[in-house]
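Working notes, structure below.
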Amino acid sequence: MKKNIGPKLGIYPTPVVVVGTYDHNDVPNLVTLAWAGICCSEPPSVQISIRKSRYSHRAITERKMFSVNLPSAKYLTETDYCGLVSGKEIDKFEVTGLTPVRGESLDVPLVLEFPISMECRLTHTLELGSHDLFVGQIVSCWAEDTLLHETGKLDPKRIDPITFMPSGEYFGIGALLAQSHSLGKKLIEK
């Protein structure tokens with residue numbers, strides 16, 4: 001039996017990303033988000049959701065671009081910090097020791113130390129309630145060479161990404177279970 005536990009967020013793990021923006025004074029800023037993910041294949045796009053009160057919200061709305069940086073678990077302390085304080089008063093790059101690198105395709109700060117960084121152009125904004133959802137088309141994606149197999153595919157174990165449970169805990173990822181689009185073929189063949 002299942003029990004109705006109401007409309008809960010706490011059952012759904014999400015990726016942890018650190019979004020980079022330049023503010024109206026061209027100062028780089030970071031914000032940690034867990035409301036994020038891939039939302040379209042063609043064009044390749046990601047979605048992030050941010051409260052209107054956040055400093056990064058204004059920068060994305062004004063500049064129409066942002067970076068999405070995927071931190072490894074090695075940088076969990078820095079990642080958590082970037083979600084706790086406002087870039088309006090604090091230089092998060094300076095405090096964390098992370099290095100901003102200006103994007104090559106768009107004017108967004110990438111995080112040098114994080115294994116994956118994406119430059120995104122804002123294409124859609126949707127007001128949802130407590131958060132606005134921003135959709136960004138991925139213009140460039142940067143990945144450390146050490147993350148790639150010989151085939152060019154990313155190895156998630158080498159990334160060592162962070163996931164978030166909305167009940168307030170960070171987790172890593174588990175073991176490979178199977179290749180997608182493979183196990184279900186057994187049922188198609190029946």
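The values are calculated or read from the model by the stated rules, or taken from the named source; none is laboratory data. Keep in mind that what you see is a predicted model, and the values were worked out from it rather than measured. Cβ: placed from backbone, ideal geometry, glycine included. Neighbour counts: every protein chain shown. All accessible areas refer to the heavy atoms of the entire protein, side chains included, with ligands and DNA or RNA removed. Shrake-Rupley method; radii C 1.70, N 1.55, O 1.52, S 1.80 Å.
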Review point. Taking interchain pairs and intrachain pairs at least six residues apart, which have beta carbon atoms under 6 angstrom, with the first residue in segment 1-16 and in contact (Cβ under 8 Å) with a residue 60 or more places away in the chain and the second part of a loop (DSSP other than H, G, I, E, B)?
Key: 9/166; 10/166; 10/167; 14/34; 16/34; 16/162
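Results for (1) touching a residue at least 60 places away in the same chain (Cβ under 8 Å); (2) open to solvent by 60 Å² or more (accessible area, probe 1.4 Å); (3) assigned to a loop (DSSP other than H, G, I, E, B), shown as yes or no for each residue.
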position: 30; (1), (2), (3): yes, no, no
position: 48; (1), (2), (3): yes, no, no
position: 62; (1), (2), (3): no, yes, no
position: 67; (1), (2), (3): no, no, no
position: 75; (1), (2), (3): no, no, no
position: 80; (1), (2), (3): yes, no, no
position: 93; (1), (2), (3): yes, no, no
Check your understanding: Could you say whether any residue in segment 52-59 is open to solvent by less than 40 Å² (accessible area, probe 1.4 Å) and either under 30 Å from residue 174 (Cα atoms) or of a type in the set (Asp, Glu) (or both)?
Key -> no
Check your understanding: When residue 160 is evaluated against the numbered criteria (1) at positive phi; (2) free of Cβ contacts under 8 Å to residues at least 40 places away in the same chain; (3) open to solvent by 60 Å² or more (accessible area, probe 1.4 Å), which criterion, by number, is the only one it fails?
Key -> (2)
Revision key, fill the gap. Within segment 169-190, the residues that are free of Cβ contacts under 8 Å to residues at least 12 places away in the same chain and open to solvent by less than 70 Å² (accessible area, probe 1.4 Å) are 174, 178, 182, 184
Point to revise | Residue list for segment 33-46, restricted to those being β-branched (Val, Ile, Thr) and either more than 14 Å from the chain's Cα centre (by Cα) or surrounded by fewer than 20 Cβ atoms within 10 Å (Cβ to Cβ) (or both) | key: 38
Point to revise | Of the criteria (1) at pLDDT 95 or above; (2) closer than 18 Å to residue 18 by Cβ, which one residue 147 fails | key: (1)
Revision key, fill the gap. Of those in segment 97-141 that are of a type in the set (Ser, Thr, Tyr) and surrounded by fewer than 19 Cβ atoms within 10 Å (Cβ to Cβ), the residue nearest to residue 25 (Cα to Cα) is 99
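From the list 9, 30, 70, exactly one residue is among the hydrophobic types (A, V, I, L, M, F, W, C) and touching a Cys at 6+ places or on another chain (Cβ under 9 Å). Which is it?
Testing whether each residue is among the hydrophobic types (A, V, I, L, M, F, W, C) and touching a Cys at 6+ places or on another chain (Cβ under 9 Å) leaves just 30.
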Exercise for review: Looking only at segment 98-107, decide whether some residue is touching a Leu at 6+ places or on another chain (Cβ under 7 Å), more than 20 Å from residue 56 (Cα to Cα) and of a type outside the set (Asp, Glu).
Suggested key: no
